[in-house]
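Read the figures in this text as sums done on the coordinates, not as results from a lab. Not measured: the values here are computed from a predicted model. Glycine also receives a Cβ, built like all others from the backbone with ideal geometry; neighbour counts cover every protein chain displayed.
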Amino acid sequence: MSHKILFVCLGNICRSPMAEYVLRHRAAEHGVSHRIQTDSAGTSGWHDGENMHEGTRKTLARHGISHAGFTSSKVKSADFDAFDYIIAMDDNNLADLEKLFGRHPEKIFKLTDLIPESGYKLVPDPWYTGDFEETFRLVDAGSLALLKKLSLT
Ligand code: 4NP
């Protein structure tokens with residue numbers, strides 16, 4: 001069985017693309033690529049059709065992770081049935097998802113819920129903070145926690 005994971009942020013150019021590509025990379029490192037399908041989307045649609053933010057691309061590259069083949073897109077109603085987990089970056093993303101799909105805490109939750117030891121309640125948005133490395137650290141820890149939750153590590 002393959003687990004289908006959708007990461008969601010506001011713009012789908014910074015945080016959720018980073019999470020998508022980091023999870024894919026970590027899954028490959030653990031030899032479980034065939035067990036994970038991952039994608040990302042934004043609640044706003046403001047950057048539909050664009051590539052990732054340059055800061056996201058540079059951060060992934062710095063960590064030896066591919067950023068090839070990305071196109072920004074908006075969350076759509078079919079996503080609820082298409083994915084097993086829909087993982088938000090902050091409370092606004094979560095509220096927007098719950099407006100669309102209802103409250104499903106086992107399926108729709110924040111990435112930071114998987115890493116309570118981090119002390120973070122949200123993944124900071126580098127569009128505003130400029131700190132792509134802080135976002136990377138959390139996204140990476142969250143990805144590894146997700147693989148563990150799915151018994152893939
Ligand atoms: P993201 O960051 O939600 O992590 O992709 C943002 C990207 C763009 C904007 C806001 C946040 N924006 O206002 O266009």
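Can you tell me which residue in region 121-135 is nearest to THR43 (Cα to Cα), limited to those that are part of a helix (DSSP H, G or I) and either in contact with a Pro (Cβ under 9 Å, 6 or more places away or on another chain) or away from the ligand (no atom under 14 Å from the Cβ) (or both)? Step through it out loud before you land on a result.
Quick first cut of region 121-135, residues part of a helix (DSSP H, G or I) only: 126-129, 132-135.
So of that shortlist, the ones also either in contact with a Pro (Cβ under 9 Å, 6 or more places away or on another chain) or away from the ligand (no atom under 14 Å from the Cβ) (or both) come out as 132-135.
On the way: PHE132: 20, GLU133: 23, GLU134: 22, THR135: 19 Å.
Ranking the qualifying residues of region 121-135, first place goes to THR135.
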Worksheet item: Just to be sure, is GLY45 without any contact (Cβ under 8 Å) to a residue 24 or more places away in the chain and either farther than 19 Å from PHE136 by Cβ or among the β-branched types (Val, Ile, Thr) (or both)?
Response: no
Worksheet item: Considering region 92-120 alone, what residues qualify as being within 16 Å of the ligand (Cβ to nearest atom) and either closer than 22 Å to THR56 by Cβ or not in a helix (DSSP H, G or I) (or both)?
Response: ASN92, ASN93, LEU94, ASP96, LEU97, LYS110, LEU111, THR112, TYR120
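Results for (1) within 16 Å of the ligand (Cβ to nearest atom); (2) within 22 Å of ARG62 (Cα to Cα); (3) buried (at least 16 other Cβ atoms within 10 Å of the Cβ); (4) among the acidic types (Asp, Glu), shown as yes or no for each residue.
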| site | (1), (2), (3), (4) |
| --- | --- |
| LEU6 | yes, no, yes, no |
| ILE13 | yes, yes, yes, no |
| SER16 | yes, yes, yes, no |
| GLU20 | yes, yes, yes, yes |
| ALA28 | no, yes, no, no |
| GLN37 | no, no, yes, no |
Worksheet item: How many residues does region 44-77 contain that are crowded, with 17+ Cβ neighbours inside 10 Å and more than 16 Å from the ligand (Cβ to nearest atom)?
Response: 1
